[in-house]
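The values are calculated or read from the model by the stated rules, or taken from the named source; none is laboratory data. Because the structure is predicted, anything quoted here is derived from the model rather than measured. Backbone-built Cβ (ideal geometry, glycine too); neighbour counts: all protein chains shown. Calculation scope for accessible area: heavy atoms of the full protein, side chains included, ligands and nucleic acids excluded. Shrake-Rupley method; radii C 1.70, N 1.55, O 1.52, S 1.80 Å.
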Amino acid sequence: MKFRASCKTPAPGKIALLSQGATPSPRQPQGLTRQRGTISQRLIRNLTQNHRFFRVLEFRNWLFIFRIIFCPVFLSALSYDVQFVGLEDSLCLKALKNSSDLTTLIDRPPASINGLRFRIESDIPGLMKILRAFAFYDASIAYDIQSNEDYASVTMHIQAGIPYKLSSYSIFHEECKESTEIKGCPITPEQLGLEVGNQPAWSTTIVNAELQVLTELSRCGYPLAVIDKRKVIVDVATKEVEAAVCVQEGPYAKFGPALFFGLKGIQPRYIERRIAWEEGKPYNSDLITETQNQILKTDLFSSVYISHAEKVDEMGELPMQIRFTESKHSQFSVGGYWATIEGPGATVAWTNRNLRGLGEIVSIDGDFSKKYLAGKITYKKPDFLVLNQSYRFLAQLYREKVYPYLAFSYRFANYIDRKFNEKVSASAGLKLEHIQVNQSATDGTYFLLGLPLFAKYDRSDSIVNPTSGYTIGYSITPYQSVADANVHFLKQRLTGTCYIPLSPKRMFVLAFRAQFGSIAGSEREDVPLTKLFLGGTEDDLRGYRFMSVSPLKPGTTEPLGGRSAIFSSAEFRVRYKDIGIVPFADFGTVTSPIFPTFDAKWFKSVGIGLRYFAFFGPVRIDVGFPLNKRSFDPNFQVYASVGQTF
């Protein structure tokens, strides 16, 4: 091996003397030279030369130390590359590369070919363990090195063979002598996520099965069970693996009394209603998870930790412990915005989520802009009568000045909201509204009593950014005029959405929505314009003048509103990391009859949207262009909000 660098360093003293251009005399002490001139001249020359001497001596000494320290690094210049060939299992190959010193230390090459060979030999035992972990028990590894003076190419030849199959999985008592079925807790391989006879005997699969055994036992009343040992038999002849686990199931346990720690502003009885288990009933870990979820979704706690004692008491019960970390219960927020429809605006909100220490919510909201003034007070009582059912009361007043009308509204409403499971929810209410409509095609004052009903079936994967599944929502509200018994009408709307992912990582998603609306009962003139259908919002027919798509008053551009409507939207959602592009198209029609008609005039719009995916959800900006532009429609409209359009 030849090196291109040299670390030969002469003695520091010799370098200093030669640097002065003098040769030491054998009759004089080393380091001195003959001097001529007067005494003062010789003194000046001596001082000058000594100064230069010490400067050069200091520089040469530091250079010497620098070479001594760093020359070995400069000499370690045997760079190399490495390739793994012969292994087709991509997961196993990735694991080999991630754990191999040859790849992880490639930026720190060895000093010689022998050092590289030592690194390879030291790497092979660890690589063999990984191959066996992926059930390649017949695997072997050989290597080849091609090198020149300062570079080498390493090829790792892997002969993996076929992966061994898992032929059986058994559960034994702690002695590991006989298989047994634990009383009241039959456990099958399928419950452990195993496919005996068809599944490679990966080490991770066997270890995960052990953890699942403990989970299944905790569901059956054995939370104190432990794994005593593992038993694995590899049959080279049949290429199969027999696995077993030896378990100490411990005593059969029941739920004991629950102790709370960390509660400050919340009353214990609010927590007790959310505990899914009953004292004295058999222990089941699923009820622990359900309780934790029920408590966390109240948004009153930042953490909830549930544990149990290390042994059962004399009654066979296991005392439970729940430790809480409360979050802040009150918040105040102020915000500002600008919209092409409303211009500049501001919002103010105050919320207390723990009124009386029982998780009751009180909020006050204000919204102020040139087009819209609103104030609302909301009270919400969770767990009304039953768990997952809440009572909600609101008092609202608002002034709305938009293109079709100027409206003043006052509303008092009561709702009961119920969530039956993760997919099905519903609500029912009773509301009283006073509405005054001015500067419209049909002015009037209305005093209405309504019974709003709503139901939703949600199979989508997210609320703010759905990428798969579908939803179906239906709302219906009968209205009765308090001032005129002959005026009554029924408003209903059916909405469906669908999300189709086009790539495994859901970078491309097709999203569709269709809405059908109808108002039956009294004539259109007896229905407030604020209750009739008007298209052209950030939710439907984007691009048209705000709330202007409807039949028009003859000879004017004033919208009359419709008693039926069809709206549909299609979006192609593209996402790359935190940025998304969404081209979209909207279609819709608003008609006077009670039921939608497909032969009416249809309005169409297209546009493009930009999404920024923040931690709280996508921030949306859409630009819509009307394709059936009327004289009073803008060339485009800009919309901004948080969350996808639908």
Q) If amide H atoms are built 1.01 Å from N in the plane of the peptide, which residues on other chains or at least 5 residues away come under 5 Å of the amide H of residue 301? A) 327
Q | Per-residue ³J(HN,Hα) for the range 416-431, Karplus 6.51 cos²θ - 1.76 cosθ + 1.60, θ = phi - 60°, Hz, x for Gly and Pro | A | 10, 9, 10, 10, 6, 7, 5, 10, 10, 9, 7, 8, 9, x, 9, 9
Q.
In whole percent, and with a 1.4 Å probe on the protein chains, what portion of the accessible area of the range 441-540 is carbon and sulfur?
A. 61 percent
**Q.** Extension gain (nm, one decimal) between residue 384 and residue 503, 0.36 nm per residue minus Cα-Cα
**A.** 38.5 nm
Q) What's the Kirkwood radius of the range 500-646 in Å, using all Cα pairs? A) 16.2 Å
Q.
Need the list of lysines near residue 370 for cross-linking: C-alpha distance under 17 angstrom, and skip anything on the same chain fewer than eight residues off.
A. 401
Q | Taking the range 230-305 and dividing mean pair separation by its residue count, relative contact order in percent (alpha carbons under 8 Å, at least six apart) | A | 21 percent
Q) What residue among 207, 266, 193 has its Cα farthest toward the positive end of the dipole of the range 147-303, where the charges are +1 on Lys, Arg and -1 on Asp, Glu, each on the Cβ? A) 266
Q.
Before I look further, what does the range 403-454 give for accessible area per residue, probe 1.4 Å, in whole square angstrom?
A. 50 Å²
Q: Under 16 Å Cα to Cα from residue 328, which aspartates and glutamates show up? Leave out anything in the same chain fewer than 8 places away.
A: 299, 360
Q. What angle, in degrees between 0 and 90 and rounded to the nearest 10, separates the Cα long axis of helix 285-296 from the longest principal axis of the Cα atoms of the chain?
A. 70 degrees
Q: Could you please report the charge total around residue 356, scoring K, R as +1 and D, E as -1 over all other residues with beta-carbon less than 12 angstrom from its beta-carbon?
A: +2
Q) the chain: D in µm²/s via Stokes-Einstein (Kirkwood Rh, Cα pairs, 10 °C, 1.306 mPa s)? A) 47 µm²/s
Q: Calculate what fraction, in whole %, of the accessible area of the range 168-291 sits on carbon and sulfur atoms when a 1.4 Å probe is rolled over the protein chains.
A: 48 percent
**Q.** Part-to-part distance (alpha-carbon centres) for the range 181-235 and the range 421-465, which is given in Å
**A.** 51 Å
Q) In percent, what relative contact order does the range 574-635 have, based on Cα pairs under 8 Å that are 6 or more apart in sequence? A) 30 percent
Q: List the residues whose amide H sits under 5 Å from the amide H of residue 388, counting only those 5 or more places along or on another chain, with H placed 1.01 Å from N in the peptide plane.
A: 383
Q. FRET efficiency for residue 514 and residue 276, Cβ-Cβ distance as r, R0 = 35 Å, nearest 0.05?
A. 0.35
Q.
Assuming 0.36 nm per residue, please report the length gained on full extension of the stretch residue 297 to residue 371 beyond their Cα-Cα distance.
A. 23.1 nm
Q: Counting other Cβ atoms within 10 Å, keep those with at most 10, restrict to DSSP loop, and tell me which trypsin sites (Lys or Arg not before Pro) in the range 135-241 are left.
A: 177
Q: Could you tell me which of the pairs 297/381; 376/491; 376/431; 431/531 are separated by over 19 angstrom between their Cα atoms in the structure shown?
A: 376/491
Q: With 28 Å as the limit, write out which pairs from 380/577; 577/629; 281/419 have Cα-Cα distances beyond it, or answer none.
A: 380/577; 577/629
Q) What share of the DSSP beta bridges in the chain is antiparallel, in percent to the nearest 5? A) 90 percent
Q) To the nearest 0.05, how large is the calculated FRET efficiency for residue 406 and residue 598 if R₀ is 41 Å and r is the Cβ-Cβ distance? A) 0.75
Q) Hey, how many Å between the Cα centroid of the range 618-639 and the Cα centroid of the range 549-573? A) 14 Å
**Q.** Neighbour net charge for residue 477 - beta-carbon separation under 11 angstrom, K R +1, D E -1
**A.** +3
Q.
Starting from the 7 Å offset along Cα-to-Cβ, what nm value, one decimal, do you get for the label separation of residue 207 and residue 480?
A. 6.8 nm
(Q) If every alpha-carbon in the range 588-638 counts as one equal scatterer, what log10 I(q)/I(0) does Debye give at q = 0.15, 0.23, 0.31 1/Å? (A) -0.62, -0.87, -1.12
Q: Kindly state, to the nearest 0.05, the FRET efficiency for residue 420 paired with residue 619, given R0 = 35 Å and r defined as their beta-carbon distance.
A: 0.60
Q: Note the full-extension length gain between residue 112 and residue 238 as 0.36 nm times their separation in residues minus their Cα-Cα distance, in nm to one decimal.
A: 40.9 nm
Q: With a ≥ b ≥ c taken as the square roots of the eigenvalues of the C-alpha gyration tensor of the range 165-317, please select rounded if a/c is under 1.5 and otherwise prolate if a/b is larger than b/c or oblate if it is not?
A: prolate
Q: Pop out the ³J(HN,Hα) list for the range 544-549 in order, Karplus 6.51 cos²θ - 1.76 cosθ + 1.60 with θ = phi - 60°, rounded to Hz; leave Gly and Pro as x.
A: 7, 4, 4, 6, 10, 7
Q: Over the range 291-393, give the accessible area per residue in Å² for a 1.4 Å probe, as an integer.
A: 55 Å²
Q: Over the range 72-152, calculate the relative contact order: mean separation of alpha carbon pairs under 8 Å at least 6 apart, over the residue count, as a percent.
A: 40 percent
Q. Beyond 18 Å, what share of the Cα-Cα pairs of the range 262-325 remains, rounded to the nearest whole percent?
A. 35 percent
Q: Loop only per DSSP, at most 15 neighbouring Cβ atoms within 10 Å: give me the trypsin sites (Lys or Arg not before Pro) in the range 516-612, ordered by residue number.
A: 577, 601
Q | J(HN,Hα) series, the range 434-451, from Karplus relation 6.51 cos²θ - 1.76 cosθ + 1.60, nearest Hz, glycine and proline x | A | 10, 10, 10, 10, 10, 6, 9, 6, 9, 6, x, 10, 9, 10, 10, 10, x, 10
